[in-house]
Amino acid sequence: MNSNKIANPFVIGKYVSEDYFCDRSDETVFLKKQVDNGRNTAIIAPRRLGKTGLIHHFFAQPDIAKRYQTIFIDIYATNSLSEFVYLLGNSIYKEIKPLHEKWAERFFGTIKSLRPGFKLDAATGEPIFDIGLGSIEHPQTTIDEIFSYLEAADKPCIVAIDEFQQITNYPEKNVEALLRTKIQQCKQTLFIFSGSRRHLMNQMFNSPSKPFYQSVITTDLKPLDKVVYTAFAKKLFADYGKTISEELLKQVYDDYEGVTWYMQMIMNPRKGITASWNPTR
Ligand SMILES: Nc1ncnc2c1ncn2[C@@H]1O[C@H](COP(=O)(O)OP(=O)(O)O)[C@@H](O)[C@H]1O
Ligand SMILES: [Mg+2]
């Protein structure tokens, strides 16, 4: 544990570091193996078990961070291919800056359709990217350009698309076929799809009539192991000079059926749920 302790070690809704992250070592090894083999993966599991956390944890592994450019987008709130393209373009702009100085030129040289969003900050002279959603007139063209940019990046990219089943709600036709084709053509870009809607995800990846059929390795995510999670929680209490009985931890696990989000919430009284018990008293 490093010395920069955060106020409450039971982190909710973001990934801080492995110090505050429980286990998932098998899953991390699994993802690494798929990436090493050049395979795309889909993680399918109910909400709040830890899919998003696992992806961030995987991206934070030193050898992954060193070898790859990693991009994460959560498309849960998107409602069209244009919004998808907008989010992806924005995230790539923020994350994938080529090593040479004139990266903005390269970005907008390849992704020409986003050039209208490129401005120079009047105060600092720094390039800023400020594109309105309405500027994406031809999402398919922008998608083509974005994929060209990814494929030409200095390091190979891993793109994680969270809540991927959302693309089935887009009004545009053939979105699945379009993305499948683009993804299939990639030579140095890998993808991790994750989704909470099992039925939709299964349909997309496991039904023969669908474009993504058998194009990825699918895996599910089980709740964290009870012994492992209770040991993790106990250690974090100890690191913060507090004690808690193992029985109480096991009861929390059982009460919430090992669902990570609920357990973390209970352990994090500052976030509101409990406050009724305080392990120091
Ligand atoms: N292995 C873990 N150790 C500690 N906290 C975790 C772990 N996995 C997830 N969390 C936390 O649990 C909550 C739910 O996880 P999340 O990854 O958002 O689930 P999902 O994406 O499956 O809905 C989040 O607050 C996250 O920070
Ligand atoms: Mg999630």
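The values are calculated or read from the model by the stated rules, or taken from the named source; none is laboratory data. Computed from a prediction, not measured in an experiment: that's the story for all the values here. For neighbour counting, all protein chains shown are included, and Cβ atoms are generated from backbone atoms with ideal geometry for every residue, glycine included.
At a glance:
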read-out: Conditions (1) out of contact with any helix residue (DSSP H, G or I) (no Cβ under 9 Å at 6 or more places or on another chain); (2) within 12 Å of ligand 1 (Cβ to nearest atom); (3) assigned to a helix (DSSP H, G or I); (4) without any contact (Cβ under 8 Å) to a residue 60 or more places away in the chain; number of the one not met by residue 52; value: (4)
read-out: Residues that are touching a Lys or Arg at 6+ places or on another chain (Cβ under 8 Å) and over 21 Å from residue 48 (Cβ atoms), drawn from region 217-238; value: 217
read-out: Top-ranked residue of region 26-42 - restricted to ones that are within 17 Å of the chain's Cα centre (by Cα) and within 15 Å of ligand 1 (Cβ to nearest atom), ranked as surrounded by the fewest Cβ atoms within 10 Å (Cβ to Cβ); value: 29
read-out: Matching entry among 187, 222, 242 (being exposed (fewer than 15 other Cβ atoms within 10 Å of the Cβ), touching a residue at least 60 places away in the same chain (Cβ under 8 Å) and part of a loop (DSSP other than H, G, I, E, B)); value: 222
read-out: Meets criteria (at pLDDT 95 or above and within 16 Å of ligand 2 (Cβ to nearest atom)) for residue 163; value: yes
